[in-house]
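The values are calculated or read from the model by the stated rules, or taken from the named source; none is laboratory data. The structure presented is a predicted model; accordingly, all values stated were derived computationally and were not measured. No Cβ is skipped: glycine too gets one built from the backbone with ideal geometry, and neighbour counts run over all protein chains shown. Accessible surface areas use protein heavy atoms only, side chains included; no ligands, DNA or RNA. Shrake-Rupley method; radii C 1.70, N 1.55, O 1.52, S 1.80 Å.
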Amino acid sequence: HRSRKLLEELGRLSSFSSCSLYILYKLHLAVYSVLSPADLKKDFQVKMCNGCVQKEYPDRGNTCLENGSYLMNYLGCANCHQRDFVLISNKATEDDDGEEIVTYDHVCKNCDHIIARHEYTFSVVDEYQEYTMLCMLCGKAEDSISVLPDDPRQSAPLF
């Protein structure tokens, strides 16, 4: 009964997604030893939806996507078992002390299942534009580009 009451209380908080509520609920059950660690891990593997992607967080080198989806890594929706378009929802852009942060959800077109959460960052550090991407579907990547016409890192040594 305490767990159900906690879940109802958390449900009143509009800033939490249903997935976040579910995770908090499961962690609560684990803390109170209702679930074993093995059950908790098994349950999260399904709920965190690694079933929709071929490879979790693939290395994308320096390919950082500000928007869009890496469909080559998309198996199909683990919820409705359809392989259709991936929509972008809940897109938000935030400026945090000179760093631009773009976040959004990759969502199944047919059942609104959240496939992955995408985060892209852009900042200028010294004389370089820095880009990062982290997403279960699109992968992880970093890039750095000089703001100068000639990148000092690319110049040939004088000797």
In the range 120-141, the residues that are over 10 Å from the mean Cα position of the chain (by Cα) and either touching a residue at least 60 places away in the same chain (Cβ under 8 Å) or not in a strand (DSSP E or B) (or both): Asp126, Glu127, Tyr131, Thr132, Ala141
Checking the condition open to solvent by less than 80 Å² (accessible area, probe 1.4 Å), part of a helix (DSSP H, G or I) and either in contact with a helix residue (DSSP H, G or I) (Cβ under 8 Å, 6 or more places away or on another chain) or modelled with pLDDT of 90 or more (or both), which residue from Leu24, Leu35 passes? Leu24
Quick one: Lys91 ticks every box in (1) on the phi < 0 side of the Ramachandran plot; (2) modelled with pLDDT of 90 or more; (3) open to solvent by 90 Å² or more (accessible area, probe 1.4 Å); (4) out of contact with any Phe, Trp or Tyr (no Cβ under 7 Å at 6 or more places or on another chain) except a single one, so which number is it? (4)
Does Arg117 fit the bill of being touching a Gly at 6+ places or on another chain (Cβ under 7 Å) and within 24 Å of Gln54 (Cα to Cα)? no
Considering only the range 39-55, state which residues are exposed (fewer than 15 other Cβ atoms within 10 Å of the Cβ) and at pLDDT 90 or above. Gln54, Lys55
Restricting to the range 94-114, name every residue that is more than 27 Å from Glu130 (Cβ to Cβ) and surrounded by 15 or more Cβ atoms within 10 Å (Cβ to Cβ). Val107, Cys108, Asn110, His113, Ile114
Please find, among Arg117, Arg83, the residue that is modelled with pLDDT of 90 or more, open to solvent by 50 Å² or more (accessible area, probe 1.4 Å) and part of a loop (DSSP other than H, G, I, E, B). Arg83
